[in-house]
Each structure stands twice: as structure tokens, then as C-alpha cells.
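Beneath this line is the structure, given in C-alpha cells, with notes to follow.
All of the numbers you see were taken from the coordinates with simple rules; none came from a lab. The shown structure was predicted, so the numbers you read here are calculated from the model rather than taken from an experiment. So basically every Cβ, Gly included, is an ideal-geometry build from the backbone, and we count neighbours across all protein chains shown.
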Number of protein chains: 2
Amino acid sequence: MDSHEVVRLKVNFKTLEEFENFREYGQQELSMKEDLEANIVENDSESPFYGIYFGKKLVGRMSLYRTDKKFDRYFDPPQDYLELWKLEVLPGYQGKGIGKALVDYSKTEGLPVKTNARQRSDDFWLKQGFEPLTYQTDRDKGENPYVWLPKGVSEQKD
Amino acid sequence: MDSHEVVRLKVNFKTLEEFENFREYGQQELSMKEDLEANIVENDSESPFYGIYFGKKLVGRMSLYRTDKKFDRYFDPPQDYLELWKLEVLPGYQGKGIGKALVDYSKTEGLPVKTNARQRSDDFWLKQGFEPLTYQTDRDKGENPYVWLPKGVSEQKD
């Protein structure tokens, strides 16, 4: 398996153009574009996205959001954690360890990581060392939460 | 426009069978099925789903989850609010006011309502009296939040 360098993606028009190749183009991207056009964010400022390039082409990405422990309903003891969204590797670049490299990167801060696993992606998350939480209707609201627990951290009970 | 009766859906095998007609069949449904099979929930207990029937056929539904004010990042003053998810009307039954009837029902508790508008659904939500919030990266995490504000409630500022 190759090793892949994960880089934090900058907010600029080049990045936004690359994003159009990804299926899950949504509000975060639109907001970045509007802010850039309106000069609300500076060119090349940091985005919540991380990615892997093959040559000059962005072939995989994810977004990571840090949530304050005040809002933590997942971990015991309650603490800051990362939410991992929009993990996506372009067709033609899958099966090369790119998704794994991105997920591994999310663990390097030593914070718990939470994601909402898409249907039929459970095997992938288990392989990455994540585990499913016990479904709680009021908290999970239809999500399928999988978490990665650093040492000493466990699931928050209802 | 017809008037449509909105009913709270029960957890039972008949409801779960109806749900299979809907596109967004996910973790909430699977969890209900498992709980029912394992006798963790009683047959005909209340679900987070509300729906509209045409005769015996479920043709529209949504889920409503109440979030405690402790976790409110949307409204001022902070308060309990409803999250509206999975609003869906079956093909062939659209354009008859079924979606509107469901959304109207969500307002009857007098609590603020928050949803995550799908792309290109903005017009629909504006017509229902909802308004878009100012996008906040850390709070919204790629969502496109639209809210309905009861009198005296405004948007929570960062």
C-alpha cells in the first residue's frame, strides 16, 4: 500500500473547482465560494477540508469539524471531538488506501472521532478501528454513528 | 387544496413495510425493526415519524425530534426546538399539499423548527415560512439550515 500525504485544503478558486468532481458538493462549498467572492474570507485561508492529491489532481477528501465538549453527547468523559464528514475518493482512485489515509489522519490529534456511516459502509469503518454506538433516537436522529475512541475514552451512556 | 390529516406513526411491522416505499430508509427504521423483533419496544408504541395516508396507503411522512435547549445553537433565547428530517412524499402524490400539511403540523407545538434543506429545495422552505440561517462552519458542518421562528424568537448569533 502506498503512503499518501494528507494536506489541509485552502479556500481558493482552484480548490472549489476540484470540489466539483465530488458527489457531495453542498452548503459548505457554496458558502466558501460566496465568502471568497464577497471577500469575506481571504484567498488561501484554511478550510475544514483535508485532501490527498495525485500529481495536481485532488482525488480524495474529507471535512473535519471540531465540536466543543459542551455539546458532546457521545463520549465519556465529555470532551472536544472531531466530526468526520464527506469522506469521498474519486472513482478510479478507490482501493488504493486513500480513504484509510484520510481516516488515519483524523486520529492524529488524539481526539475522539465521530462519523455518520452511510448504509453498507459498516465494514469499512470497522476496518478503520471505529465502532458503532448504541442507537439513541433523540440523539442520533436517523444517523448511524460510528466512533473512534482514543485510550481511556468510552461511549457516553444515556 | 385538500386538507390532510397528519397522524403519529406507530412502531409496528405494517408501518415498517410502508417505509420501504420511501427513498430515505435508514438507521431509524432499522433500529425500530430490530427493537421490535427483539421485543425491546412494544408493538404500536410511538415513533418519531408522522405521516399522511390516502386510504390505507402511507403517502407522505417526516420525522420530528425534540432537542433540549441545553444543546440549542440556533435560537435566541435558547430553547427546546424540533428538528424536522426526512420529509418525503411519494411520487404520484406530490403537488397535492401533502408536504405542506406535514410542515404545518410541525409548527403546531409552537416550538421553533429547524431543518436541513436539500439542495434546490430552498423555494419550498421559503414558501412554508422558513428562513435560511447565516452559515456558521463549526455549527452547521455542511448543512443548509432553515428555521421556522415562532413570535418572539430570533436567530442565535455566533
- Message: Compute the helix-to-body angle for B:27-37: its Cα long axis versus the longest principal axis of chain B, expressed 0 to 90° and rounded to tens.
- Response: 40 degrees
- Using alpha-carbon positions, the gyration tensor of the protein assembly as shown gives root eigenvalues a ≥ b ≥ c; with a/c under 1.5 called rounded, otherwise prolate if a/b exceeds b/c, else oblate, the class is prolate
- Message: At 7 angstrom along the Cα-to-beta-carbon line, where would the label on A:Gly110 sit relative to the other copies? Give the distances in nm, shortest first.
- Response: 5.0
- Distances in nm between the label point of B:Asp122 (7 Å along Cα→Cβ) and its equivalents in the other copies, shortest first, are 3.8
- Given the C-alpha centroids of the stretch B:126-147 and the stretch A:103-157, what is the distance between them in whole angstrom? 25 Å
- Query: For the stretch A:1-134, rounded, prolate or oblate, judged on the Cα gyration tensor with a ≥ b ≥ c (square roots of eigenvalues), a/c < 1.5 rounded, else prolate if a/b > b/c?
  - Reply: oblate
- Short version: ³J(HN,Hα) in whole Hz for each residue of the stretch B:109-118, in order, from phi by Karplus 6.51 cos²θ - 1.76 cosθ + 1.60 (θ = phi - 60°), x for Gly and Pro, what are they? 7, x, 8, x, 10, 10, 9, 10, 6, 5
- Message: Within the stretch A:1-37, list the residues whose amide N lies under 19 Å from a label point set 7 Å along Cα→Cβ of B:Arg120.
- Response: A:20-31
- Note on the structure: Phi angles of the stretch A:136-143, converted by Karplus (6.51 cos²θ - 1.76 cosθ + 1.60, θ = phi - 60°) into ³J(HN,Hα) in whole Hz with x for Gly and Pro, give 10, 3, 5, 7, 8, 6, x, 6
- Axis carrying A to B; for chain A the Cβ-nearest residue and its rounded Å distance come to A:Phe71, 3
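With charges set only on the Cβ (+1 for Lys and Arg, -1 for Asp and Glu), what does the dipole of chain A come to about its Cα centre, in debye to the nearest 20?
Values: 24 positive and 29 negative charges, 86 e Å.
Taking the Cα centre of chain A as origin, the dipole is about 420 debye.
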- Projected onto the charge dipole of the protein assembly as shown (+1 at Lys/Arg Cβ, -1 at Asp/Glu Cβ, origin at the Cα centre), which of A:Tyr25, A:Pro145, B:Val41 gives the Cα projection farthest towards the positive end? A:Tyr25
- Note on the structure: The farthest towards the positive end of the charge dipole of the stretch A:7-155, of the residues A:Leu64, A:Thr134, A:Thr108, given +1 on Cβ of Lys and Arg and -1 on Cβ of Asp and Glu, is A:Thr108
- Query: Nm distances between the label at A:Lys10 and the same-position labels in the remaining copies, 7 Å along Cα→Cβ, shortest first?
  - Reply: 6.2
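Looking only at trypsin sites (Lys or Arg not before Pro) in DSSP loops with at most 11 other Cβ atoms within 10 Å, what is the longest site-free stretch of chain A?
Between the exposed loop sites, the longest stretch runs A:57-119.
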- Message: If the elastic network links every pair of Cα atoms under 10 Å, which of B:Asn43, B:Asn116, B:Asn144 fluctuates the most in the Gaussian network model of chain B?
- Response: B:Asn43
